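Working notes, beginning with the structure itself.
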Amino acid sequence: MLRSLVGSEMCIRDRCARMRRSCPLPVIFTVRTQSQGGAFPDNQLEYFQMTELAIRLGFQWVDLESHWEPTKLAEFLVNTGYTKVIGSHHFKNSNGGTAEQLAAQFRHCAHGGLVDMVKVVIMAQTLDDTLKLVSVSRVLELPERQRKTGADGQMGVIALAMGAAGVTSRILNEHFTPVSHPILGVTAAPGQIPLAEIHTARRIINVHQVPTRRFYVFGVPGSEGICAPGCFFSAGFEFCHLLHSAEECNTDSIQELTHVLEDEGFGGAAVGAPLHTQLWDMLESCSEPARAIGALNTLLKVLITNTVSLSTHCPTSPRPKAPLVVPHPLVVPLPSSGRSRSPSPSHSPSTLTLLKRQDGGLHGDNTEWVAILKSVQAGLEQRRLAGLQQLGTRPRALVVGTGSIARAAVYALLKLGFEPGDVTIVAPAAPSQDDTLLGGTVWAETVEQLLEQDLSVVLCCLESGDVSTEQWPVRSRPVVADLSRQPERTCHLIKCAQSSGCILVPRSQVAMAAGWEQFRRWLGYRFESMALAAFPTMEAAGSVSTNRSSPAGFGDFSPIKEDSPRALCI
């Protein structure tokens, strides 16, 4: 692209903006010069004009060739902000020389720790050339990273050999392995192979492998709430070339789940009603949102390994020498013994029983609030673009319901910046002032009391015992979402919203957003980019299940327009 756009900065800006708008994945901005095997002229001035433009455009990563003048490289590296840098060198027609020369080149690309990752590419003539490169990269000692763009520690290493003799390096490489997409029909570099072939080879030689795990969807059909079906997760695992499985386990009995939770192959679960408030005693830790909401919808088994494998090494963190605990986001340890105060207001204190395992135990989380937040945020942006939110006015929200989804909705609204006094809860009884989540909100006994209010958001979160209504405050055309566990009881809300021209958030959108958040937590940081790329495939699989039936609590909402902001475009 850059070869044909030299001298046209605005055109480059436009092309990059289009790419970033349509692709949520991190982007590596690369200008490959002719001496390094590319097509860009070996002009230092023009090269740094392009790479400095990438910094101004806010790219996540920039590839920096290390053969330029040291003073210019140093000047560039102190002005990269939060953009991460790959120090690279390509031996266009050479195997890189001896092992000592390769090691020296790796250290040169590290620039004294001022980059986040180093990359050395050779042209392999024999398999020995490839194995020499890989061996050097494994025993290499590089300086500690000095930049503050992420976790401090040892920088990652990319070691690739081009040509047919270098295919092995692509199988063994740990970070940013280039692959050729099947629809292209050609490879971008000699020796590139498709992702599926890399995974097949890794399975055969048992390298970079993630242990196969079984994941589940727990709950009673029709009452799970905003929960994605098993096929949604299965599609994601298949997309990421993982051998994990996802099964639906239709039960409301903890006893029936004991053997599942204690199985060595158990990886995690999406938890629906009524189990979402009954599994506290089986947790070793939980996230702060789950504790505040008083319900969990996600189980995760945290792994502990006594040796560091290739699959657990993070590219931006040091290679650990002690036992490694794969972290869980926002983990809040629960007491290990004695009586504990329950995270749920309705859950009576009891002796905490832990599942003692070598793998680190079970951790609970809640992703419903994240899904609600992103979906409402997208709807509010569409409402703002439509001119429905007056400048200078404070947005107000209505939450109808008393259960865990209502609490997740309030939690999401507060995280969005709503003041507690601008959130009204319709419930039979006023929330306790001692409730740290709901204590500062406004209470109303019926929806009819609010029919004349101008609202920005209406979230219906009725539980099975809550009373529905036929009248809804939609005259201000708010963002409307029906998140009830029994959506057939709230059809009047959808009719009122549609007739008033409200912005509807599809129930399926919230369910799949929550499911995707569960999916990325299950996979961890190593598959963060793959999880983002997998979402369209997962969404399509979930939509097919929704059209066929609605066992996972999906409703029949009219979707937000295709040109509106997507909840998962972050």
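The values are calculated or read from the model by the stated rules, or taken from the named source; none is laboratory data. Note that the coordinates shown come from a computational prediction; the quantities given were computed from them, not determined experimentally. Every residue, glycine among them, receives a Cβ derived from its backbone with ideal geometry; neighbour counts consider all protein chains shown. Note: areas computed on protein heavy atoms with side chains; ligands, DNA, RNA excluded. Shrake-Rupley method; radii C 1.70, N 1.55, O 1.52, S 1.80 Å.
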What residues have an amide H closer than 5 Å to that of VAL62, excluding those fewer than 5 places away on the same chain, when H is modeled at 1.01 Å from N in the peptide plane? PHE29, LYS84, VAL85, ILE86
Using a ≥ b ≥ c from the Cα gyration tensor of region 392-463 (square roots of the eigenvalues), is it rounded, prolate or oblate, where a/c under 1.5 gives rounded and otherwise the larger of a/b and b/c decides, a/b for prolate? rounded
Pull up all non-local amide H partners of VAL302: gap of 5 or more, or a different chain, and H-to-H distance under 5 Å with H placed in the peptide plane. GLY361, HIS363
Please list, in chain and number order, the residues 5+ apart from GLN154 or on another chain whose amide H is under 5 Å from its amide H, with Hs placed from the backbone. ARG145, ARG319
Computed FRET efficiency, Cβ-Cβ of THR71 and ALA164, R0 56 Å: what is it to the nearest 0.05? 0.90
Students often forget the sequence filter, so: which aspartates and glutamates lie under 20 Å Cα-Cα from LYS72 once same-chain residues fewer than 8 apart are removed? ASP42, GLU46, GLU52, ASP63, ASP116
When a/c reaches 1.5 or more, the comparison of a/b and b/c decides; with that in mind, is region 29-187 rounded, prolate or oblate per its Cα gyration tensor? prolate
Phi-derived 3J(HN,Hα) across region 185-195 with the Karplus relation (6.51, -1.76, 1.60, θ = phi - 60°), rounded Hz, x for Gly and Pro, is x, 9, 9, 7, 8, x, x, 5, 10, x, 4
The answer for region 193-306, accessible area per residue at 1.4 Å probe in Å², is 37
Note, region 107-114: 3J(HN,Hα) by Karplus (6.51, -1.76, 1.60, θ = phi - 60°), whole Hz, Gly/Pro = x, goes 5, 5, 5, 6, 6, x, x, 8
Low-density loop positions, trypsin sites (Lys or Arg not before Pro), region 411-515 - DSSP coil, at most 15 other Cβ in 10 Å: ARG475
Can you tell me how region 130-281 classifies by the Cα gyration tensor, rounded, prolate or oblate, using a/c under 1.5 as the rounded cut? prolate
Which chymotrypsin sites (Phe, Trp or Tyr not before Pro) does region 63-142 hold that lie in a coil by DSSP with at most 12 other beta carbons within 10 Å? TYR82
Region 388-440 - percent of accessible surface contributed by carbon and sulfur, probe 1.4 Å: 52
Round to a whole number: what % of the accessible area of region 25-72 belongs to carbon and sulfur, probe 1.4 Å? 54
Taking θ as phi - 60°, what are the ³J(HN,Hα) couplings along region 82-94 by the Karplus curve (6.51, -1.76, 1.60), each to the nearest whole Hz, with x for Gly and Pro? 9, 6, 7, 10, 9, x, 10, 8, 10, 8, 4, 10, 9
